[in-house]
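Enquirer: My structure is below; once you've seen it, I'll send some questions.
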There are 2 protein chains.
Amino acid sequence: MDNPVLVEVTRGDQVESTHRGAVAISDAQGNVLFALGDVETPVYPRSASKPIQALPLVESGAADAMGIDEAEIALACASHSGEPMHTSRVAAWLQRLGLAEGDLACGPHPVRYAPVWEDMIRRGEKPTRIHNNCSGKHAGFLTVAHHWGVATAGYERIDHPVQQAVAKALAELAGLSQPLPWAIDGCAAPNFAIPLSAFARALARLASPKTLTPERASAARRIVKAMTARPELVAGTGRVCTTLMRAGGGRVAVKTGAEATYAAIVPGHGLGIAIKIDDGGGRAAETTIAYLLARMGLLDPDTVHDIVNPPVLNTREARVGERRPATTLLDAPLPDLSGRAAAQ
Amino acid sequence: MDNPVLVEVTRGDQVESTHRGAVAISDAQGNVLFALGDVETPVYPRSASKPIQALPLVESGAADAMGIDEAEIALACASHSGEPMHTSRVAAWLQRLGLAEGDLACGPHPVRYAPVWEDMIRRGEKPTRIHNNCSGKHAGFLTVAHHWGVATAGYERIDHPVQQAVAKALAELAGLSQPLPWAIDGCAAPNFAIPLSAFARALARLASPKTLTPERASAARRIVKAMTARPELVAGTGRVCTTLMRAGGGRVAVKTGAEATYAAIVPGHGLGIAIKIDDGGGRAAETTIAYLLARMGLLDPDTVHDIVNPPVLNTREARVGERRPATTLLDAPLPDLSGRAAAQ
């Protein structure tokens, strides 16, 4: 099935580029309340699955045993920008475990936040594994291995108990049987492919934890609260995830992933939202998630206007076009959550 | 009409992202020898139209009058990387015209070639308009205005004689009537929207200049020769356009454009090739043009393998997937030009 066009990019009075994709909104029972496109073929949620990849850290008791605080839980769910608020916390966390940068399985990559990157260039510094946007997730994995007394080396391998715990949590939340298909993510950890409808269901179960065991319910609440309480740690200065969570004022936790995925957890309504843009164009995933959340009344439309409908600027800073939701989204019969009392 | 998937990006054994698009291959008579997808709706060729935007510079006599050499003609067709070989030549060219950086209508943007950009950061330098990847095109526009004795200020406006000359050349080559629809490009100059079939025809007429007036035919030959003789000036170190033209050994001139367009001029066979990827994903345009040229026997497949079919690497440099032409391209009944003698 061909996915519909969700986002258009114009130049002058003409559409220049289009992005197709799929959206699923589910409740915790697995009822798909809204769908666009193919929500049944497995896709890799990539970093949008980090809130679920963080579950073993909390539900295993590792977080409590190791004194992991709210900021560190937010970092375990983060694709961070490599700012000092991120890297200093990950470094201190590793040190508390008696581990170091070299114990992280993720490789280095350039720092996303330009002022920090430019400072590093001026000082002749190279990025380390702690600068990897996934370093908090990996610190979380290491914490679980340490807590369980299993080898920390190899924690990123599919057959390691930590990754098996992630797979089990994801499959149970999504209502899928194991083994899930998987591949290797940019950070060297496994990423499990699941249908968008099942991913939305898994997110909804984090939003509506009364359907879960007490340990998992408590872990889900802590993870969602950490993300919404510390949105600057989940992404960074000027990033879309951070802006959306601030605009939501605690009503929604969001997480982006590579190749244009997005996840949203709506605790007050027990809903999960999952997005994948076919072509991996992140700009379209950003417009789609911001539009959906604003239309559903979960955040202030004015605050997110420049994510939903930003201008296309030329190098003289003149407006020469715009990015905008396509008709498929504009006409979508979305649930209106603005007037509904929190159901959970 | 829905364009077909041209390029896939895999992770593990599964397709993670797909890119749709359209391709037209035409001869100078406007016969579309091969087409995929919608080649009749106007698209913005963006910088892929630079070889045509450079025509007035040469056919007006401005290039000869001002002593414009082959390197400068290549720069007039360039989206350059801001390396010293590019910026020093544009600066000297402007100086010869009695003009300066401030006369360029394009704005500054970060330099694409990382070693130069990092040097600028270390020295605390800001990019200038000369660093704009289009600065050679703009120097060409200024040269024409200077030669004609018209105002150089405002040369980027749609009603300026230079832009009208560009529009006329493009419409004549493409076989379209004026006025052409247009919008403002990233560099503040107009960009004209034309169907891919007409764009391919225009490129074919540059490849087969015997169909043109003597002035235009001579200009077309000089432009194509300059691009293929100085491919490092048309793009830069490590860039795809540069690599493809080197691999072609003079058999093909290529030019990329923003939002995933590509143009190819095949002088030995009098053909033009035009590509637009729907979603603006440049990686897919690169795979498509490299695959088409290699399949048609116009360049060495081994040299371009890592453009046609590059690995997807993670941050540990491990291969976790690949980018590849989709079945639509693999099964395409393309003309085989490897054994044919040059027809022009």
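Enquirer: Looking for whichever is over 23 Å from A:Ala326 (Cβ atoms) and within 14 Å of chain B (Cβ to nearest Cβ) here; the options are A:Ser49, A:Ser60. Which one fits?
Expert: A:Ser49
Enquirer: A further question follows. Grab the helices (runs of 4 or more DSSP H) fully contained in segment A:33-75, keeping just those with 2 or more residues being more than 17 Å from A:Ala263 (Cβ to Cβ).
Expert: Hits in segment A:33-75: A:55-59, A:62-65.
Enquirer: Next question. Taking the residues in segment B:106-118 that are open to solvent by less than 60 Å² (accessible area, probe 1.4 Å) and without any contact (Cβ under 8 Å) to a residue 24 or more places away in the chain as candidates, determine which candidate is farthest from the other protein chains (Cβ to nearest Cβ).
Expert: Only one residue tops the list, namely B:Ala114.
Enquirer: Quick check on my filter: what residues within segment A:304-320 are closer than 30 Å to A:Asn31 by Cβ and either within 17 Å of the chain's Cα centre (by Cα) or among the polar types (S, T, N, Q) (or both)?
Expert: Once the filter is applied, which keeps residues that are closer than 30 Å to A:Asn31 by Cβ and either within 17 Å of the chain's Cα centre (by Cα) or among the polar types (S, T, N, Q) (or both), segment A:304-320 yields only A:Ile307.
Enquirer: Filter segment B:12-30 for residues that are touching a residue at least 40 places away in the same chain (Cβ under 8 Å) and hydrophobic (A, V, I, L, M, F, W, C); which is surrounded by the fewest Cβ atoms within 10 Å (Cβ to Cβ)?
Expert: Looking at the filtered set, the residue picked out is B:Ala28.
Enquirer: Is there any pair with a first residue in segment B:295-307 that is without any contact (Cβ under 8 Å) to a residue 12 or more places away in the chain and of a type in the set (A, V, I, L, M, F, W, C) and a second that is open to solvent by less than 90 Å² (accessible area, probe 1.4 Å) and part of a helix (DSSP H, G or I) whose Cβ atoms are under 8 Å apart and which are 6 or more apart or on different chains, and what are they?
Expert: From residues that are without any contact (Cβ under 8 Å) to a residue 12 or more places away in the chain and of a type in the set (A, V, I, L, M, F, W, C), there are no pairs.
Enquirer: Hey, which of the helices (runs of 4 or more DSSP H) in segment B:214-283, taking only ones fully inside, have at least 1 residues that are open to solvent by less than 20 Å² (accessible area, probe 1.4 Å) and over 27 Å from B:Arg20 (Cα atoms)?
Expert: Here the list reads B:214-229, B:231-234.
Enquirer: Take the residues in segment A:1-10 that are assigned to a loop (DSSP other than H, G, I, E, B) and more than 8 Å from chain B (Cβ to nearest Cβ); name whichever of them is surrounded by the most Cβ atoms within 10 Å (Cβ to Cβ).
Expert: Ranking the qualifying residues of segment A:1-10, first place goes to A:Asn3.
Enquirer: Now a separate question. Give A:Ala165, A:Ala188 a once-over and let me know the one that is open to solvent by 10 Å² or more (accessible area, probe 1.4 Å), within 14 Å of chain B (Cβ to nearest Cβ) and within 30 Å of A:Arg129 (Cα to Cα).
Expert: None of the other options fit; the residue is A:Ala188.
Enquirer: Restricting to segment A:296-334, and then to whatever is over 21 Å from B:Asp279 (Cβ atoms) and open to solvent by less than 30 Å² (accessible area, probe 1.4 Å), can you tell me which residue is nearest to the other protein chains (Cβ to nearest Cβ)?
Expert: Step by step, filter segment A:296-334, then rank; the result is A:Val304.
Enquirer: Further question: Just to be sure I understand the filter: pairs with C-beta atoms under 8 Å, separated by 6 or more residues or on different chains, first member in segment A:53-82 and on the phi > 0 side of the Ramachandran plot, second member assigned to a loop (DSSP other than H, G, I, E, B). Which pairs pass?
Expert: Note: pairs meeting the criteria are A:Gly82/A:Val111; A:Gly82/A:Arg112; A:Gly82/A:Tyr113; A:Gly82/A:Pro127; A:Gly82/A:Asn133; A:Gly82/A:Gly236.
Enquirer: Any residue at all in segment A:112-128 that is more than 27 Å from B:Pro115 (Cα to Cα) and assigned to a loop (DSSP other than H, G, I, E, B)?
Expert: No: segment A:112-128 contains no residue that is more than 27 Å from B:Pro115 (Cα to Cα) and assigned to a loop (DSSP other than H, G, I, E, B).
Enquirer: From the list A:Arg11, A:Arg20, pick out the single residue that is in contact with a Gly (Cβ under 6 Å, 6 or more places away or on another chain), of a type in the set (D, E, K, R) and closer than 30 Å to A:Asn314 by Cα.
Expert: One residue alone meets the criteria, A:Arg11.
Enquirer: State all residues of segment A:143-159 that are outside any helix (DSSP H, G or I) and within 21 Å of A:Glu72 (Cβ to Cβ); if no residue qualifies, say none.
Expert: A:Gly149, A:Val150, A:Thr152, A:Tyr155, A:Glu156
Enquirer: Select from segment B:244-295 the residues that are closer than 23 Å to B:Ala28 by Cβ and within 14 Å of chain A (Cβ to nearest Cβ) and write down the one among them that is nearest to the chain's Cα centre (by Cα).
Expert: Top of the filtered list is B:Gly257.
Enquirer: Residues being within 14 Å of chain B (Cβ to nearest Cβ) and farther than 20 Å from A:Ala100 by Cα: count how many of those fall in segment A:144-162.
Expert: 1
Enquirer: Given B:Asp38, B:Asp13, which one is within 12 Å of chain A (Cβ to nearest Cβ) and over 30 Å from A:Pro190 (Cβ atoms)?
Expert: B:Asp38
Enquirer: Do you know which residues across segment A:81-105 are in a loop (DSSP other than H, G, I, E, B) and within 14 Å of chain B (Cβ to nearest Cβ)?
Expert: Answer for segment A:81-105, where residues must be in a loop (DSSP other than H, G, I, E, B) and within 14 Å of chain B (Cβ to nearest Cβ): A:Gly82, A:Leu104, A:Ala105.
The values are calculated or read from the model by the stated rules, or taken from the named source; none is laboratory data. Predicted model only: the values in this text are computed from it and were never measured. When we count neighbours, we look across all protein chains shown, and the Cβ atoms used for this are built from the backbone with ideal geometry, even at glycine. Keep in mind that these areas ignore ligands, DNA and RNA; they rest on the heavy atoms of the full protein, side chains included. Shrake-Rupley method; radii C 1.70, N 1.55, O 1.52, S 1.80 Å.
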